[in-house]
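The values are calculated or read from the model by the stated rules, or taken from the named source; none is laboratory data. The structure presented is a predicted model; accordingly, all values stated were derived computationally and were not measured. Cβ placement follows ideal geometry from the backbone for every residue including glycine, while neighbour counts extend to all protein chains displayed. SASA here: full protein model, heavy atoms, side chains in, ligands and nucleic acids out. Shrake-Rupley method; radii C 1.70, N 1.55, O 1.52, S 1.80 Å.
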Amino acid sequence: MIGPRILPANNESIQEAAADLERGSLVVFPTETVYGLGGGTLDESSLASIYRLKGRQSDNPLIAHVLDIEGARSLTTGWDDRCTLLAEAWWPGPLTLVLGRSGVVPDLASGGRPTLAVRSPQHPVARALLEAYGKPISAPSANRSGEVSPTCAQHVLDDYSADPAADGMIILDGDRCHVGIESTVLDMTVDPPRILRPGALTAEVLQNLIGSVEYTELHHTSASPGTMESHYSPQTNCLLVDVEEMRHRLSNMTERCVVLVSNPDHHEMVQPPHTLLAMPSDPDGYAQDLYDALRKADSEQADLILIESNGEEDPNWIAIRDRLMRAASDRPV
Ligand code: TXA
Ligand code: MG
C-alpha cells in the first residue's frame with residue numbers, strides 16, 4: 001500500500017492533481033478555511049467517491065468551489081443583487097451561498113436537494129487547481145465524517161494513511177489554513193437569508209451588506225446534548241466547561257485531562273497529571289489553532305478533554321463556540 005501522497009503545491013503538482021480530477025480521482029487541496037476532499041462537481045462518479053471515502057451520508061450536500069461569480073451563476077438559479085453584493089465584498093473568501101441548483105449539476109452534488117452551495121475559495125493553491133482543472137470542484141472538509149476537520153496536509157494523511165481506497169491520492173500541501181474553521185453557510189433561498197452554519201464571517205458583517213439575516217445559535221449549556229448533531233468530535237470524551245467546573249474537574253486526580261485554556265491567568269490551574277494546551281485568547285488565533293489542538297488533545301489518550309468556554313457575548317466567538325459545542329456534544333461522561 002502506498003497511501004495518500006503529500007506533494008508540495010507547485011505548478012507541476014497542481015497540473016498532476018488537475019489531471020487526476022480529470023480522470024475521476026479525488027484530490028485533497030488547501031483552502032483558507034480547512035482542507036477539502038475534491039472531485040469534479042459535474043462528474044457523478046467522482047461525487048460518489050467523495051461520499052464513499054469520507055463515509056458521508058448520501059443526503060448531506062456538498063459545496064461546489066468556483067473561481068468567481070460567473071462560475072457560481074452557471075451552476076445555480078436565483079442569483080440576485082444581494083448575492084452580487086455579498087460575492088463582490090467577500091469572494092474569494094470564507095462565505096458559502098446556497099441557491100437553486102441548475103439542471104446541469106448532478107443530484108449527487110447536493111445530496112439530492114434542489115439547492116446547491118457555492119463558494120469561491122481564496123487560497124492560491126485552491127484557485128490554481130480550479131484554473132488548471134477548468135471546472136467546478138465539489139469538496140467537503142477532508143476529515144472522516146463526524147470527526148475533526150484538517151487544517152494542514154499532515155492531518156489528512158493521518159486520517160487516510162491506513163485506507164486502501166485513498167492509495168495514491170494527492171494531498172496538495174499549502175501550509176496551515178489561515179482561517180482554520182469552515183466558511184459561513186448562508187441560505188439565499190429563504191427570506192430573510194438564513195445562516196445555516198456560522199463561520200469566519202459573522203451575521204453582523206452580512207447584515208451590514210444586505211439587511212436582515214437570520215441565525216439561531218445552539219444553546220450554550222448543553223442541557224440536551226443528544227439533540228445536537230455530533231460533529232468535529234475527537235474520540236476522547238470532551239467537555240466544554242466554565243472556569244469553576246474546570247477547577248472542580250482538575251482537582252479530581254483519578255481522571256487525566258487535557259485542557260484547552262484560552263485565558264492565560266488560568267494556565268497555572270493545570271498541573272500534572274493533567275496536560276495544558278494553551279490557546280490564543282483572541283478569536284482569530286483561536287480559530288486558526290482549534291482543530292490542530294483538538295487533534296493533539298485526542299492523541300494524548302487522556303480520559304477527558306476539557307475546553308474552557310470563552311467569549312460569551314462576543315459575536316466573533318459564535319462560530320468557535322458552535323464547533324466546540326458540537327465537539328463536546330455526543331459523548332456524555
Ligand atoms: O470552508 C468550507 O466550507 C470547507 C472548505 C473545504 O471549502 N468545506 C466544508 O464542507 O466545510 P463540508 O461538506 O464539510 O460542510 C458543508 C456544510 C454542511 O454542513 C452541509 O450540510 C452544508 O454546508 N450544505 C452544503 N450544501 C448545502 C445545501 N444545498 N443546503 C444546505 N446546506 C448545505
Ligand atoms: Mg465538514
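Entry note, the range 238-327: relative contact order of 40 percent, from Cα contacts under 8 Å with a spacing of 6+ residues.
Size check on the range 238-327: the Cα extents along the three principal axes, sorted descending, read 36, 25, 20 Å. Within the range 259-333, which GluC sites (Glu not before Pro) sit in a loop by DSSP and count at most 11 neighbouring Cβ atoms inside 10 Å? Taking the range 259-333 and a limit of 11 other Cβ atoms within 10 Å, the loop GluC sites (Glu not before Pro) found are GLU312, GLU313.
Please give the helix 44-54 orientation as an angle from the longest Cα principal axis of the chain, in degrees from 0 to 90, rounded to the nearest 10. Long axis of 44-54 versus the principal axis of the chain: about 10 degrees. For the chain, the longest principal axis of the alpha carbon atoms and the long axis of helix 283-299 meet at an angle near 70°.
Rolling a 1.4 angstrom probe over the protein heavy atoms with all chains in place gives the chain an accessible area of 42 Å² per residue.
Note: relative contact order over the chain, using C-alpha pairs below 8 Å and six or more positions apart, is 20 percent.
Taking a ≥ b ≥ c as the square roots of the eigenvalues of the alpha carbon gyration tensor, the range 74-143 is oblate, as a/c is not under 1.5 and a/b does not beat b/c. Shape descriptor for the range 24-111: Rg over Rh equals 0.96 (Cα atoms; Rh from the Kirkwood inverse mean 1/r). Peptides 112-119, 24-31 ordered by packing proxy, namely the average of other Cβ atoms within 10 Å per residue, highest first: 24-31, 112-119.
Report, to the nearest 10°, how far helix 11-23 tilts away from the longest principal axis of the Cα atoms in the chain, using its own Cα long axis and a range of 0 to 90°. Approximately 70 degrees, to the nearest 10.
Overall, the ratio between the Cα radius of gyration of the chain and 2.2 N^0.38 Å, rounded to two decimals, is 1.00. Using alpha carbon centroids, what distance separates the range 145-170 and the range 53-105, in Å? The range 145-170 and the range 53-105 have Cα centres separated by 25 Å. The three principal axes of the C-alpha atoms in the range 287-328 carry coordinate ranges of 33, 19, 14 Å, sorted with the longest axis first.
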